Structures are given as structure tokens and as C-alpha cells.
Amino acid sequence: QVQLVESGGGLVQPGRSLKLSCAASESVFSLYTMGWYRQPPGKPLELVATITSGVAITNYADSVKGLFTISKDNAKNTVYLQMNSLKPEDTAVYYCYLRIRLGAATGDYWGQGTQVTVSS
């Protein structure tokens, strides 16, 4: 079973930057999509960004375009989320997501979640 381990969350002041990482326990050799979701306090889960296998096609929520950047390191089985110009409304639990689309491990996988708090 594939496991996702997140790190990089914490408390940060508005306008500062933070970088999250998510490492998969196993290599992915087939089609997959990785991404980040977040859940602000009292609100439903929302998609932040995704990135695909092969040529890294990215997709972003309108609210974070130009501010957040998703990237990956295939050798490390790791996806990152660089968050710039953070605002209080970015406060949420951030979850790493993996969808394996082909192979024996086909399915959906979730990280444990990491808290990001933006406050002065």
C-alpha cells in the first residue's frame, strides 16, 4: 500500500512564504496525478493544485494562480507546493493527494494533513 507523508506546515505571518512537501513510500511508474487539497476551518474540502505524470501538466484553483506553484521530483517520489504571499484566508489543513491511474496500485491515496496557519 502506498503511503504519503507530508511536511512543511506551521505558523507564518501574512505576506511570507511556505513550502510543503509530500513523499510517496513507493515509486510510481505508470499514469498518475498528484495534488493538494485544503480544508479551511468550517469550510468544505477544496482543490488547490494538481500535477500529472510524464510531462508535468499543472492546474490551479483561481484563488491561488500566480501565488502558489506545484512541482515534483520524480527521483524522490515527492511533490511540493510553494506558497507565496500568504494571506489569513489561506489558513487550512492541507492534504496531499495521489491518484494512480494504471497498474497494480491503482486507486486514491491521501496524506495525513498538515496545518498551515497564517496570522500576525
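Scanning the chain for trypsin sites (Lys or Arg not before Pro) that sit in a DSSP loop and have at most 15 other Cβ atoms within 10 Å, the longest stretch containing none of them is 17-64.
Calculated on C-alpha atoms, the gyration radius of region 17-120 divided by its Kirkwood radius gives an Rg/Rh of 0.97.
Just the protein heavy atoms count here, and of the accessible area of region 69-120 at 1.4 Å, carbon and sulfur take up 48 percent. Distances between placed amide hydrogens fall under 5 Å for Leu86 paired with Gly15, Arg16, all partners being 5 or more residues away or on another chain. Near Lys76, which lysines are there with a Cα under 19 Å away, not counting those fewer than 8 places off in the same chain? Partners within reach: Lys19. Would any residue of region 106-120 have its amide N under 20 Å from a label point 7 Å out along Cα→Cβ of Leu11? List them or say none. Only 114-120 pass the distance filter.
Annotation for region 1-105: GluC sites (Glu not before Pro) lying in DSSP loop with at most 14 further Cβ atoms inside 10 Å of their Cβ are Glu26. Within a straight-line Cα-Cα reach of under 16 Å, Lys87 can be paired with the following aspartates and glutamates, leaving aside sequence neighbours fewer than 8 residues apart in one chain: Asp62. Over the chain, accessible surface divided per residue gives 55 Å², non-protein components excluded, 1.4 Å probe.
With R₀ set to 30 Å, the beta-carbon distance separating Val2 from Ser120 gives a calculated FRET efficiency near 0.20.
The values are calculated or read from the model by the stated rules, or taken from the named source; none is laboratory data. Predicted model only: the values in this text are computed from it and were never measured. Every residue, glycine as well, gets a Cβ built from its backbone with ideal geometry; the counts of neighbours run over all protein chains shown. In case anyone asks, the SASA skips ligands and DNA or RNA and just uses the protein heavy atoms, side chains included. Shrake-Rupley method; radii C 1.70, N 1.55, O 1.52, S 1.80 Å.
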